[in-house]
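Chemist: Take this structure first; my questions come after.
The values are calculated or read from the model by the stated rules, or taken from the named source; none is laboratory data. Note that this is a predicted model, so its numbers are computed, not measured. When we count neighbours, we look across all protein chains shown, and the Cβ atoms used for this are built from the backbone with ideal geometry, even at glycine. Ligands, DNA and RNA are stripped out before the accessible areas are found, and what is left, the full protein with its side chains, is counted by its heavy atoms. Shrake-Rupley method; radii C 1.70, N 1.55, O 1.52, S 1.80 Å.
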Amino acid sequence: MCGIIGYTGKKSAAKTLINGLHRLEYRGYDSSGMAVVYDGIISLSKKPGKLHVLTDELKRFPLEGNTGVGHVRWATHGVPNEINAHPHLDCKGQIAVVHNGIIENHQALKKRLIREGHKFTSDTDTEVIPHLIEKYYKGNLLEATRRATALLKGSYAICCLHSAEPSRIVGARCDSPLIIGVGEKENFLASDAPAILDHTKKVIFLSNLELAEISPEAINIIDYKGRKIYRKPAHIKWDISQAEKSGFKHFMLKEIFEQPEVIKNILKERLKGNRVHFEELAIKENLFRNIKNVVIVACGTAYHASLTGKYMMEELIRIPVWVDTSSEFRYRKPIVNKNTLTILISQSGETADTLHALREAKKEGAKTLAICNVLGSSIAREADGVIYTHAGPEIAVASTKAYTAQLTTLYLLTFYMGYLRRAISGTENARLLNELKKAARLSKLMLEGFKNSDNKIAKYARDFRKYYLKKHNKSTFLYLARNINYPNALEGALKLKEISYIAAEGYPAGEMKHGPIALIDENPWVVCVATKAKVYEKMLTNIQEVKARGGIIIAIVTKGDDRVVSQNINYIIEIPEIDDFFSPIVVVIPLQLLAYYVAREFGYDIDQPRNLAKSVTVE
Ligand code: M6R
């Protein structure tokens, strides 16, 4: 959940680290800090609060030096104050460590270290690491870190400095990501690629239980037994401009507007004529022909994409598909075996629960396929096969373009499997691909209508805020949809909750009468997806039921649908006419925009909502 970075080269370490931390801020933003070596001494700067507080501090009190480590924190152990902010030091202030993860046995280690005379200052689990390194240090930071990390239980990615080895940084990882950025007479360590893209696109992915020592001239990788490892750098295709706001007020809005381009790029990448190709897949076609069932496992937004995937695959391939949240899957006894394809979906590829679910599925003998956005991420590398979603870096904590990229990839995977299993004919395959291409065009067309920041949805959001205040903050949101758009109801509610802090629930509309309808009076605002679909008539009935009980309705309808409009609905959002099966890609966009504008009305920090972090690498 935290972001870490290390730099060694000829540039100002402090400036390079701050720049990198800005790109990592989405991983944690309750405090930040850095340590820089200069003249054989480690200087420290740490501040609670967002990164701009540390940036201001460094303007007043700059740190000199060309080697340093930095951190943005998402607190687990210890409140987010200056003392608990990273980096943490050993007793003599010669070793500095930044850490992402949780050291589960820190209490036992701390007790032992205290008995041995070590002095602790913070409440963090991390602080045991510099003290352990201090204990084992005999003039070689890499070796001392290797011995120290061998005692750690839990998850970690760390960067360490020693003042006696002033141009060297040591990194180590177990279940938290760490990459090496390979530069010209400079090298980097970082939690992920955007932190270093300003300087290099050449990266080496560290594997679990590996350590790396970097200096401006050299990179040395070893495993936990001290054996040397040689690994070629990979090339990151992402462009740094993709990790900038490019004139948009927030990353979330930029990423919403990027979606048509993302879908278009995926199709360009994956289609050779009318055949779907997954170049990097590494799973034989026969497996897709022979599997008996599919299990899809994911968290949050990726879970909602998975649910939509179930509708796609069951309808077109007629194969049983189960969907589970990773945190549930991993702790029950999941029924998967060699006949099961287990698909793990994760934007970051680092979500701890999904990673453990993957390992659980492998243990049971299932074939595993990762659908990830981040190249070289842990889930992508541990699965038997991978399909990258090519959405580019997603910076806003609230996931938007990664979701539509996951949906697009799931459509393609469905066509691919369907074709191999002879469930989809060549003609049908061509028709489906055309519809998907059309969905990409329609999503672009629709977004054109929302370019003006004072658009219809922004106005509805303004009305909602007024209403909310009038109702003494009592109003809530309910999202109703059916069939293939039901997961979008969940996703719309999640988007609103996470950035507006307003209670919101997503429900299959048919379930209303089994309980939730009791919630309806004049307080909740009810978003109803009533686009032209096989469940359209049913949705109209549900709308009537809500209306009859005084609920305020925002209806998402197909353009030109007079029937809904004539029913005196409070608010209407039109989407272009689209094949029902492909509508989730388009329907989700107004839901994302609604959440965005409501949060904007309330003046919340949209890209960095409270208590959250982009990549959840702790359980
Ligand atoms: O990186 P992942 O896709 O595995 O992340 C899963 C969830 O943590 C993520 O989708 C989360 O729910 C987002 N904040 C939703 O906007």
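Chemist: Surrounded by fewer than 16 Cβ atoms within 10 Å (Cβ to Cβ), in the same structural domain as E184 (by TED's automatic domain parsing) and of a type in the set (K, R): which single residue out of K249, K225 fits that description?
Modeler: K225
Chemist: Can you pull out the residues in region 298-314 that are near the ligand (Cβ under 10 Å from one of its atoms) and in contact with a Pro (Cβ under 6 Å, 6 or more places away or on another chain)?
Modeler: H304
Chemist: Consider Y38 against the criteria (1) over 23 Å from V170 (Cβ atoms); (2) of a type in the set (S, T, Y); (3) touching a Gly at 6+ places or on another chain (Cβ under 6 Å): it satisfies all of them except one. Which criterion is unmet?
Modeler: (1)
Chemist: Further, regarding this structure: For the structure I just gave you, tell me whether D562 is away from the ligand (no atom under 16 Å from the Cβ), under 29 Å from the mean Cα position of the chain (by Cα) and either over 23 Å from A458 (Cβ atoms) or in the same structural domain as D125 (by TED's automatic domain parsing) (or both).
Modeler: no
Chemist: Select from region 331-351 the residues that are closer than 8 Å to V297 by Cβ and within 14 Å of the ligand (Cβ to nearest atom) and list them in ascending order.
Modeler: Once the filter is applied, which keeps residues that are closer than 8 Å to V297 by Cβ and within 14 Å of the ligand (Cβ to nearest atom), region 331-351 yields I343, L344, I345.
Chemist: Would you kindly identify the helices (runs of 4 or more DSSP H) lying entirely within region 87-156 that contain at least 1 residues that are surrounded by fewer than 20 Cβ atoms within 10 Å (Cβ to Cβ) and of a type in the set (F, W, Y)?
Modeler: By residue number, 128-136.
Chemist: Filter region 28-38 down to the residues that are more than 19 Å from L612 (Cα to Cα) and either among the hydrophobic types (A, V, I, L, M, F, W, C) or at pLDDT below 95 (or both) and list them by number.
Modeler: Within region 28-38, M34, A35, V36, V37 qualify.
Chemist: Would you call Y411 of a type in the set (F, W, Y), open to solvent by 10 Å² or more (accessible area, probe 1.4 Å) and touching a residue at least 40 places away in the same chain (Cβ under 8 Å)?
Modeler: No.
Chemist: How about region 195-214: which of its residues are farther than 21 Å from C174 by Cβ and part of a strand (DSSP E or B)?
Modeler: Hit for region 195-214 is K202, nothing else.
Chemist: All but one of (1) more than 9 Å from the ligand (Cβ to nearest atom); (2) open to solvent by less than 10 Å² (accessible area, probe 1.4 Å) hold for T354, so report the exception by its number.
Modeler: (1)
Chemist: Right, another one. Condition test on V321, is it more than 15 Å from the ligand (Cβ to nearest atom), under 24 Å from N488 (Cβ atoms) and crowded, with 22+ Cβ neighbours inside 10 Å?
Modeler: No: the conditions fail for V321.
Chemist: With assigned by TED's automatic domain parsing to the domain that holds A489 and touching a strand residue (DSSP E or B) at 6+ places or on another chain (Cβ under 9 Å) as the only criterion, which of V526, V588 stands out?
Modeler: V526
Chemist: Any idea which of I572, I589, I606 is closer than 16 Å to Y460 by Cα, modelled with pLDDT of 90 or more and within 16 Å of the ligand (Cβ to nearest atom)?
Modeler: I589
Chemist: So is L442 in contact (Cβ under 8 Å) with a residue 60 or more places away in the chain and out of contact with any Cys (no Cβ under 8 Å at 6 or more places or on another chain) or not?
Modeler: Yes, satisfied.
Chemist: A164 is checked against (1) aliphatic (A, V, I, L, M); (2) within 26 Å of the chain's Cα centre (by Cα); (3) surrounded by fewer than 22 Cβ atoms within 10 Å (Cβ to Cβ) and fails just one. What number does that condition carry?
Modeler: (2)
Chemist: Which of the residues that make up region 271-311 are within 30 Å of F329 (Cα to Cα) and either loosely packed, with under 15 Cβ neighbours inside 10 Å or basic (K, R) (or both)?
Modeler: Correct list: H277, E279, E280, A282, K284, E285, N286, R289, N290, K292, K310.
Chemist: V374 passes all but one of (1) open to solvent by 10 Å² or more (accessible area, probe 1.4 Å); (2) outside the structural domain of V294 (by TED's automatic domain parsing); (3) closer than 29 Å to L281 by Cα; which number fails?
Modeler: (2)
Chemist: So, in region 461-518, how many residues would count as being within 16 Å of the ligand (Cβ to nearest atom) and of a type outside the set (A, V, I, L, M, F, W, C)?
Modeler: 12
Chemist: Moving to a separate point now. Being under 23 Å from T476 (Cβ atoms) and open to solvent by 30 Å² or more (accessible area, probe 1.4 Å) is the filter here, so list the residues in region 526-566 that pass it.
Modeler: T541, Q544, E545, K547, A548, R549, G550 - these are the residues of region 526-566 that are under 23 Å from T476 (Cβ atoms) and open to solvent by 30 Å² or more (accessible area, probe 1.4 Å).
Chemist: Go through A402, A396 for me and flag whichever is within 11 Å of the ligand (Cβ to nearest atom), part of a helix (DSSP H, G or I), farther than 25 Å from E285 by Cα and open to solvent by less than 10 Å² (accessible area, probe 1.4 Å).
Modeler: After ruling out the rest, the residue left standing is A402.
Chemist: If we keep just the residues of region 405-422 that are within 16 Å of the ligand (Cβ to nearest atom) and not small (G, A, S), which is nearest to Y29 (Cα to Cα)?
Modeler: Once the filter is applied, the top-ranked residue is Q406.
Chemist: Against the conditions (1) touching a Cys at 6+ places or on another chain (Cβ under 6 Å); (2) touching a residue at least 40 places away in the same chain (Cβ under 8 Å), where does I543 fall short? Just the number, please.
Modeler: Result: I543 passes all but (2).
Chemist: Anything in region 357-391 that is within 15 Å of the ligand (Cβ to nearest atom), among the small types (G, A, S) and over 17 Å from the mean Cα position of the chain (by Cα)? List them, or say none.
Modeler: A383
Chemist: Which residue pairs have Cβ atoms under 6 Å apart, sit 6 or more places apart or on different chains, and have a first residue in region 494-510 that is free of Cβ contacts under 8 Å to residues at least 24 places away in the same chain and a second that is more than 11 Å from the ligand (Cβ to nearest atom) and assigned to a helix (DSSP H, G or I)?
Modeler: Listed by first residue and then by second, the contacts come to nothing, as the list is empty.
Chemist: If you check S425 against the conditions, is it within 24 Å of the chain's Cα centre (by Cα), assigned by TED's automatic domain parsing to the domain that holds G309 and either under 30 Å from S176 (Cα atoms) or more than 14 Å from the ligand (Cβ to nearest atom) (or both)?
Modeler: no
Chemist: Looking at I520, I502, can you tell me which residue is buried (at least 17 other Cβ atoms within 10 Å of the Cβ), modelled with pLDDT under 90 and not basic (K, R)?
Modeler: Answer to the selection: I520.
Chemist: Select from region 464-479 the residues that are of a type in the set (D, E, K, R), in a helix (DSSP H, G or I) and exposed (fewer than 15 other Cβ atoms within 10 Å of the Cβ) and write down the one among them that is farthest from the chain's Cα centre (by Cα).
Modeler: Once the filter is applied, the top-ranked residue is K470.
Chemist: Further question on the same structure: Do we find a residue being assigned to a strand (DSSP E or B), of a type outside the set (V, I, T) and under 17 Å from T126 (Cα atoms) anywhere in region 7-22?
Modeler: no
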